[in-house]
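Here the structure comes first, spelled out in structure tokens, and everything after it is commentary.
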Amino acid sequence: MLVAGLAGVAGVACLGTPAFATQPTAKLQRALDGVVAAGAPGAAVLVRDGGRTTRLASGLGDLATQTPMRAADRTRIGGVTKSFTATVVLQLAGERKLALDDTVERWLPGVISNGEDISIRRLLNHTSGIYDYAGDPAVLAPYMQGDLTHVFDLRTGVQIAADHGPLFAPGSQLSYSNSNYSLLALIVEAATGNRFADELRARLFEPLRLRATSFPMPPRSTGPTPTATCCSTAGRTTSRPGAPRCSDPPARS
């Protein structure tokens, strides 16, 4: 669901349309090889057609070590993390631990200048008017400099968004913003008293048996603030601070 999502496999596609899924494996492999030939370091594809699943890979998963891309490599799922986040928020609303019309100010006092005018509902549907911190060059800097395992702190992103100020009056327009879901993760923590990663694990990962799905956390020295990113490959999500590649074991929620 976030910037850290840039750190995973160079190219991953999940294709489920029958017309595509019925193509011969050899043709799929040639297509993947073509992606690599066009300049991508590596690519992987997952095709599900009924009860049949095809996984293929091409190229390299790690340029430094020349490690081949593997279909089983774990991959950061970036913005797909928002689906997990929204699910937890809606569960909490169903349990009456928060309400969709609660304001940001109600749960995170003073964090956003006009937080009293922004509801949880507006965060969920991207009508808050809050600047997308991913658009700030400082956010992409670690990744552009080669630190693809950098775990971005939620509160840092929210502060960047707050510093930029609102883009428009809440509810008047729609604008996709990663900052909305960083705030939602922090609201989950405020409403439950638990780390966002722990809520994801207890409410989704464990009940759904997503054993290889995780939510990376910043190093312990920075405190218990989770980042807003998930990782996954063929049903997995992973990434761990300091890991050399996203395909290495363990990680985050």
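All of the numbers you see were taken from the coordinates with simple rules; none came from a lab. Model, not experiment: these values are computed from the prediction. Heads up, the Cβs are rebuilt from the backbone with ideal geometry, glycines too, and the neighbour counts pull from every protein chain shown.
Here the spin labels are modelled as points 7 Å beyond Cα on the Cα-Cβ line, and at Q159 and R96 they lie 3.8 nm apart. Applied to segment 24-39, the Karplus parametrisation 6.51 cos²θ - 1.76 cosθ + 1.60 on θ = phi - 60° returns per-residue 3J(HN,Hα) values of x, 4, 4, 5, 4, 5, 5, 5, 5, 4, x, 4, 5, 4, 7, x Hz, with x for Gly and Pro.
Residues F84, F205, ranked from the fewest to the most other C-beta atoms within 10 Å, line up as F205, F84.
Loop-located trypsin sites (Lys or Arg not before Pro) in segment 149-218 (DSSP state other than H, G, I, E, B) with a sparse environment of at most 15 neighbouring Cβ atoms within 10 Å: R209, R211. Here's how it looks for T67: its modeled amide H is under 5 Å from those of G61, D62, which are all 5 or more places away or on a different chain. Where the alpha-carbon atoms of segment 77-222 are placed on the principal axes, they occupy 43, 42, 27 Å, in descending order.
Residue by residue through segment 87-94, which ³J(HN,Hα) values in whole Hz follow from phi under the Karplus form 6.51 cos²θ - 1.76 cosθ + 1.60 (θ = phi - 60°), with glycine and proline marked x? Listing the rounded values in order: 4, 5, 4, 5, 4, 5, 5, x Hz.
Roughly how many whole Å is it from the C-alpha centroid of segment 128-207 to that of segment 51-108? Centre-to-centre distance over Cα atoms comes out at 13 Å. For Q145 and T67, a Förster radius of 22 Å and the Cβ-Cβ distance give a FRET efficiency of 0.55, rounded to the nearest 0.05.
Rounded to whole numbers, the Karplus 3J(HN,Hα) couplings from phi for segment 119-130 are 8, 4, 4, 6, 5, 4, 9, 6, 10, 6, x, 7 Hz, using 6.51 cos²θ - 1.76 cosθ + 1.60 with θ = phi - 60°, and x at Gly and Pro.
Taking a ≥ b ≥ c as the square roots of the eigenvalues of the alpha carbon gyration tensor, segment 83-131 is oblate, as a/c is not under 1.5 and a/b does not beat b/c. Taking 7 Å steps out from each Cα toward its Cβ at K27 and Q173 produces label points 4.4 nm apart.
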